[in-house]
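For reference, the structure is listed below as structure tokens.
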Amino acid sequence: MECKFCNIFKNDVLHKKELFLNKTPIYNTILCETSSFFVIPDLGSIIEGYLLIITKEHFYSMAELKQEQLHELHILINLLSEMAIEIYGIMPIIFEHGSPPFGMNVVSQSSICHAHMHLVPFELNNSCRIIKEADMYLFNGIEFLNKYKKMSYIYYKTSKKENYITTNQNLPRQYMRRKVAIEVNKNDEWDWREYPFIDNVQKTIMSYQKILKTNLFNHSLLVNGVERGEHI
């Protein structure tokens, strides 16, 4: 089975040329990148500002990353969070549905088994209920994810910067997206395959491109951050 994310980024030069010619779907627009990660708007953006952080190399979860890559991811998330606060005035929530190697679990077989982290500028009001329902427990943070590289897990960082994780195998696919959808009164619109929310994707691209073109968030971590979407 071909990987959706690997197909998007397998030929970077071709991707950039097709973007210029308006052939690449807007939801595959690379907003910025680092040595190890791409950042794109989420297809199925339940709310504006929803981003995906995707590994350039094919991994099944962020837990498979080397320690220096996890550190890079930590810095990138902090940088994107600062952007989200500047644009939307709120600390985003972060989450990942991590798959074990080879994607050998029921949930991952119906999902994209390529490591990607969700960044959503939104505060879940029922966060405590979700934590209890999903059997989540306090966790040291992203840089310690490699302890879970052989497991299926959900990582969740609240808008209060508290880190939680669970290995509960009985949760439905896209569990955290479902919870966000419920809180914004889009209960049945959590599935990105059926509800792409292209209007929110377009707004997200415009908002982040605008701030990336300023000097507010220049950072040595970013590679070609401003150039990526300048033709949109």
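The values are calculated or read from the model by the stated rules, or taken from the named source; none is laboratory data. Only a predicted model underlies this, so the values are computations on that prediction, with no experimental measurement involved. As a convention, Cβ positions derive from the backbone with ideal geometry for all residues, glycine included, and neighbour counts pool all protein chains shown.
Pick from region 194-232 the residues that are modelled with pLDDT of 90 or more, of a type in the set (Phe, Trp, Tyr) and assigned to a loop (DSSP other than H, G, I, E, B): which of them is farthest from ILE40 (Cα to Cα)?
TYR195
On the basis of being of a type in the set (A, V, I, L, M, F, W, C), surrounded by 15 or more Cβ atoms within 10 Å (Cβ to Cβ), without any contact (Cβ under 8 Å) to a residue 40 or more places away in the chain and in contact with a strand residue (DSSP E or B) (Cβ under 9 Å, 6 or more places away or on another chain), does MET136 make the cut?
Criteria met by MET136.
Give all pairs with beta carbons closer than 6 Å in which a residue from region 30-42 that is among the basic types (Lys, Arg) meets a residue that is at pLDDT 90 or above; count only pairs at least 6 apart in sequence or on separate chains.
Partner pairs satisfying both residue conditions: none exist.
Please go through region 150-193 and give me each residue that is under 14 Å from HIS97 (Cα atoms) and assigned to a loop (DSSP other than H, G, I, E, B), ordered by number.
Those that are under 14 Å from HIS97 (Cα atoms) and assigned to a loop (DSSP other than H, G, I, E, B): LYS150, MET151, SER152, THR167, ASN168, GLN169, ASN170, LEU171, PRO172, ARG173, GLN174.
Can LYS147 be described as assigned to a helix (DSSP H, G or I), modelled with pLDDT under 95, more than 12 Å from PHE95 (Cα to Cα) and more than 18 Å from the chain's Cα centre (by Cα)?
Judged against the criteria, LYS147 is a match.
If you scan region 149-165, which residues turn out to be more than 23 Å from ILE85 (Cα to Cα) and surrounded by fewer than 20 Cβ atoms within 10 Å (Cβ to Cβ)?
Scanning region 149-165 gives LYS149, LYS150, MET151.
Report, by residue number, each residue of region 152-198 that is β-branched (Val, Ile, Thr), touching a residue at least 40 places away in the same chain (Cβ under 8 Å) and under 19 Å from ILE53 (Cα atoms).
Those that are β-branched (Val, Ile, Thr), touching a residue at least 40 places away in the same chain (Cβ under 8 Å) and under 19 Å from ILE53 (Cα atoms): ILE154, THR158, VAL180, ILE198.
Inside region 4-99, counting only helices (runs of 4 or more DSSP H) that do not spill past its ends, which hold 2 or more residues that are aliphatic (A, V, I, L, M) and at pLDDT 90 or above?
Here the list reads 67-88.
Looking at the structure I just gave you, is ASN187 over 16 Å from the mean Cα position of the chain (by Cα), modelled with pLDDT under 95, closer than 19 Å to ASN125 by Cβ and not charged (D, E, K, R)?
yes
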